[in-house]
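Comments concern the structure below.
The values are calculated or read from the model by the stated rules, or taken from the named source; none is laboratory data. Only a predicted model underlies this, so the values are computations on that prediction, with no experimental measurement involved. Here the Cβ positions follow ideal geometry from the backbone for every residue, glycine too, while neighbour counts run over all protein chains shown.
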Amino acid sequence: MIKIDGLERVILQIETERHVPKEDVIDAIGDALVLAAKRYHGTADNLTAHLDMENDIAQIFAEMIVVKDVEDEMFEISLKEAKKLNPKVKVGDEIPVEVNPPNFGRIAAQKAKQVITQRIIEAEKKSIYEEYQDKIGTLITGIVQRVEGKNYLVNIGRTEAVLDMRNQIPDETYRLKDRVKLYLVDIAKTNRGPEVIISRSHEGFVQRMFELEVPEIADGVIEVKAVARRAGYRTKIAVLSNDESVGAVGTCVGRMGSRIQAVLKEINGEKIDIIEWKDDVAELISNALKPATIYKVELADEGARKARALVDDDQLSLAIGKSGLNVRLASRLTGWNIDIVKKSEVESNLFDRLMAEKETMKEEAKVEKVAAEEAAPKVEEVVVEKIKVNAAASELGMEAADFILKLDELGHKVKSANSNIDYDVYMQIKESIV
């Protein structure tokens, strides 16, 4: 039996100060006592500890098997010795036997300090991990504790986290003891304990700020569908109203811009485009490219999610944005690859294409005409040949005058011997003479 003054008070104090569950503290003390007793008993396999916090005492028991003849003193007890503890015991039963090593109090205290300290540290790490894991994706508040180069060490409650340059808003500086809002990105287990990852440049930071300032988002009346951000420059946030009587964009802006101004103040005046979410992809892309005015959106390849936005010449630079930022954010917001094209270039290309098609049609018509002419019968096949009267008469051995009379008989009149007659008429006269 070990007397531990203020046992319950110590356990409750550790629970309160270190946020370690009472049960974990009790287990840690019990394990420490068992390990201390192992040195005397030889093994810890059959040892258990019992803490009586009402009386501030601790006891170590070894579960022993009752036998007639003891062969293993670590696990067996003779029937004679067992009956001293419990008269009703019989061979084969198991009974708890209290272990009281010499100088056990001093040994136990040394061992307990080591084990309890280690177990409490582990329990505290576990507790911190579980607490902050439930806060992933939410806003927390921290206090700047130390400046390390361009990084800030921030106290976020039960632990500290580093706000590095990547997770800062550009050109933003803090002083010691400054209170800052942070977005809890993730928490990772490391050998040194839980590492909390915090950010002010994350897209989720702006979304959660809107949820704070716009109750309709928290209530589910307005839904944030997507957010795209480049911290310090511009954020695009797409919202959808689930109530026809509530305008999504106007509600987020607030009366006289009160709501959006509160968000802008927190992110140092970073530009914010609030757009209305549309199920129609072309409309959504057109909205996402604001503040530019889009003439038309064409879905070039739906499978590859590629689209083309046509703009007037004076809207081109606005649609693309500085260093292409506006179109890149619009692409991330919508999930489509967007190409910005001048409308005038498209119209010019269309005119050129139409003219080319017209020329092609002309060439094709020429080719068809030539082919048709080649396929048509020759002129001599359809046009009857002519022959002079005197030549025809000579062929038949007649005088020209007689040939003319013969023509007259057949109803063909000619003016002179130099006149032409159809070849088939000549053939008729020839056949009549024969």
- Message: Going through Leu139, Leu176, Leu163 one at a time, which residue ends up being farther than 17 Å from Ser201 by Cα and of a type in the set (A, V, I, L, M)?
- Response: Leu176
- Identify all residues within segment 1-56 that are basic (Lys, Arg) and within 30 Å of Arg158 (Cα to Cα); write none if there are none. Arg9, Arg18, Lys22
- Task: From (1) surrounded by 16 or more Cβ atoms within 10 Å (Cβ to Cβ); (2) closer than 20 Å to Glu266 by Cβ; (3) modelled with pLDDT under 95; (4) of a type outside the set (A, V, I, L, M), pick out the condition that doesn't hold for Thr173.
- Result: (1)
- Looking at Asp31, Asp56, which is the one that is acidic (Asp, Glu), touching a residue at least 12 places away in the same chain (Cβ under 8 Å), surrounded by 17 or more Cβ atoms within 10 Å (Cβ to Cβ) and closer than 30 Å to Ser127 by Cβ? Asp31
- Qualifying positions in segment 220-233 - touching a residue at least 40 places away in the same chain (Cβ under 8 Å), of a type in the set (A, V, I, L, M) and not in a strand (DSSP E or B): Ala231
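Run down Ile285, Ile294 and say which single residue is crowded, with 17+ Cβ neighbours inside 10 Å, over 25 Å from the mean Cα position of the chain (by Cα) and over 20 Å from Met209 (Cβ atoms). Reasoning before the result, please.
Details: Ile285 fails: over 25 Å from the mean Cα position of the chain (by Cα).
Residue meeting the stated conditions: Ile294.
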- Considering residues of segment 190-218 that are among the hydrophobic types (A, V, I, L, M, F, W, C) and under 18 Å from Leu240 (Cα atoms) only, the residue modelled with the lowest pLDDT: Ala218
- Task: For Glu266, indicate whether it is acidic (Asp, Glu) and free of Cβ contacts under 8 Å to residues at least 60 places away in the same chain.
- Result: no
- Task: Please enumerate the residues belonging to segment 126-159 that are exposed (fewer than 15 other Cβ atoms within 10 Å of the Cβ), part of a loop (DSSP other than H, G, I, E, B) and out of contact with any His (no Cβ under 9 Å at 6 or more places or on another chain).
- Result: Asp134, Lys135, Ile136, Gly137, Thr138, Gly149, Lys150
- Item | Which listed residue, of Glu63, Glu54, Glu15, Glu23, is touching an Asp or Glu at 6+ places or on another chain (Cβ under 6 Å) and modelled with pLDDT of 80 or more | Glu63
- Query: Residues of segment 260-282 being under 20 Å from the mean Cα position of the chain (by Cα), over 30 Å from Ser344 (Cβ atoms) and of a type in the set (Asp, Glu), which ones?
  - Reply: Asp279
- Item | Set Ile217, Ile187: member being crowded, with 18+ Cβ neighbours inside 10 Å, assigned by TED's automatic domain parsing to the domain that holds Asn155, under 16 Å from Thr138 (Cβ atoms) and free of Cβ contacts under 8 Å to residues at least 60 places away in the same chain | Ile187
- Message: Restricting to segment 1-26, and then to whatever is among the β-branched types (Val, Ile, Thr) and over 12 Å from Ala123 (Cβ atoms), can you tell me which residue is nearest to the chain's Cα centre (by Cα)?
- Response: Thr16
